[in-house]
Amino acid sequence: MDALDRIVKPKTKRAKRFLEKREPKLSENIKNAMLIKGGNANSMVTQVLKDVYALKKPYGVLYKKKNITRPFEDQTSLEFFSKKSDCSLFMFGSHNKKRPNNLVIGRMYDYHVLDMIELGIEKFVSLKDIKNSKCPEGTKPMLIFAGDDFDVTEDYRRLKSLLIDFFRGPTVANIRLAGLEYVLHFTALNGKIYFRSYKLLLKKSGCRTPRIELEEMGPSLDLVLRRTHLASDDLYKLSMKMPKALKPKKKKNVSHDTFGTTYGRIHMQKQDLSKLQTRKMKGLKKRPAERITEDQEKKSKRIKKN
């Protein structure tokens with residue numbers, strides 16, 4: 001049995017709190033990412049990992065030592081690190097003659113590799129090279145995806161889902177305008193993926209809504225899709241399953257539109273409008289002849305019933 005798979009009984013209160021954090025929950029913790037450097041990673045790949053870690057802080061773990069592993073051939077070391085650091089996302093950087101400047105981005109399900117996509121770096125501009133002001137640590141980014149490939153091709157569709165998982169940060173109930181500080185833009189065009197990072201500047205516009213300007217912040221990457229390791233449809237569906245306790249209970253006769261407006265349906269008995277009290281006025285009074293005919297009809301109905 002693996003050392004990490006043993007049932008461990010806590011001996012201190014601190015150890016008990018640590019194990020409680022690792023227990024399965026209805027609302028899971030924020031997804032952390034581990035950034036691992038391969039055994040033959042060059043300076044470019046190392047700097048890419050450092051820049052991505054700067055964007056991910058504080059929800060990331062950067063391994064500074066080199067780890068000799070090949071994710072597409074042997075995934076045991078990645079699963080070991082995932083369990084050790086409690087990370088469900090990973091980015092692995094390596095470099096060799098066959099696949100230069102290589103990045104592998106992936107995610108875990110139950111501490112086993114679910115999806116894994118290999119990307120090649122063709123062009124890279126670091127955070128240090130762009131001399132502009134940066135965003136504070138822990139800022140939640142806005143994500144923009146441009147290009148038809150993200151909606152048409154299965155590999156690109158899964159890559160889009162993976163990038164959203166990797167960079168989205170914590171789930172929040174409300175957002176204020178001043179909290180929208182930077183944008184991550186992904187463009188799929190002619191078989192390449194262009195990754196750009198912009199800082200959002202709110203300028204005076206003379207009205208209540210500010211004028212928005214984008215200033216490149218870095219890092220900037222031109223990527224090429226290489227190998228993929230995608231989960232089967234059944235496993236992917238299982239990983240997306242929501243617990244019954246979190247599913248909203250369906251309320252009868254209540255519906256919502258796309259804008260969040262609530263509509264209710266009321267069931268009422270059939271109303272007799274003849275007995276409805278209307279405003280009394282001379283023009284609506286019945287004539288004597290009409291009254292006589294109504295009385296005769298009522299009498300005939302009573303005789304038929306008897």
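The values are calculated or read from the model by the stated rules, or taken from the named source; none is laboratory data. Note that the coordinates shown come from a computational prediction; the quantities given were computed from them, not determined experimentally. FYI the Cβ positions are ideal-geometry reconstructions off the backbone, even for glycines, and counts take in every protein chain you see. Side chains included, ligands, DNA and RNA excluded: accessible areas come from the protein's heavy atoms. Shrake-Rupley method; radii C 1.70, N 1.55, O 1.52, S 1.80 Å.
Specify the residue that is modelled with the lowest pLDDT; the eligible residues are those in segment 1-43 that are more than 27 Å from the chain's Cα centre (by Cα) and of a type in the set (Gly, Ala, Ser).
Of the residues in segment 1-43, the ones more than 27 Å from the chain's Cα centre (by Cα) are 1-17, 38-43.
Filter once more, so that each one left must be of a type in the set (Gly, Ala, Ser): 3, 15, 38-39, 41, 43.
On the way: Ala3: 55, Ala15: 81, Gly38: 89, Gly39: 85, Ala41: 89, Ser43: 92.
Restricting to residues being more than 27 Å from the chain's Cα centre (by Cα) and of a type in the set (Gly, Ala, Ser), the top hit is Ala3.
So Lys140 clears everything in (1) basic (Lys, Arg); (2) surrounded by 14 or more Cβ atoms within 10 Å (Cβ to Cβ); (3) over 19 Å from the mean Cα position of the chain (by Cα); (4) at pLDDT below 90 except one condition, right? Which one?
All conditions pass for Lys140, except number (3).
Could you please let me know if Ile121 is in a strand (DSSP E or B), loosely packed, with under 14 Cβ neighbours inside 10 Å and modelled with pLDDT of 90 or more?
On the way: in a strand (DSSP E or B): yes; loosely packed, with under 14 Cβ neighbours inside 10 Å: no; modelled with pLDDT of 90 or more: yes.
For Ile121, the condition - in a strand (DSSP E or B), loosely packed, with under 14 Cβ neighbours inside 10 Å and modelled with pLDDT of 90 or more - is not met.
Does Leu230 satisfy being under 20 Å from Ile117 (Cβ atoms) and open to solvent by 30 Å² or more (accessible area, probe 1.4 Å)?
yes
Can you give me the number of residues within segment 49-66 that are open to solvent by 40 Å² or more (accessible area, probe 1.4 Å) and part of a strand (DSSP E or B)?
So the answer is 6.
Being in contact (Cβ under 8 Å) with a residue 12 or more places away in the chain, among the polar types (S, T, N, Q) and assigned to a helix (DSSP H, G or I) narrows it down to one residue among Thr69, Thr46; which is it?
Thr46
Which condition number does Asp86 fail, the rest of (1) on the phi < 0 side of the Ramachandran plot; (2) at pLDDT 80 or above; (3) open to solvent by less than 70 Å² (accessible area, probe 1.4 Å) being met?
The one condition Asp86 does not meet is (1).
Which one of these is modelled with pLDDT of 90 or more and either polar (S, T, N, Q) or crowded, with 19+ Cβ neighbours inside 10 Å (or both): Arg157, Arg107?
One residue alone meets the criteria, Arg107.
The rows are residues; the columns are (1) open to solvent by 100 Å² or more (accessible area, probe 1.4 Å); (2) part of a helix (DSSP H, G or I).
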{"position": "Tyr198", "(1), (2)": "no, no"}
{"position": "Leu214", "(1), (2)": "yes, no"}
{"position": "Asp234", "(1), (2)": "yes, yes"}
{"position": "Lys237", "(1), (2)": "yes, yes"}
{"position": "Lys252", "(1), (2)": "yes, no"}
{"position": "Gln277", "(1), (2)": "yes, no"}
{"position": "Ser300", "(1), (2)": "no, yes"}
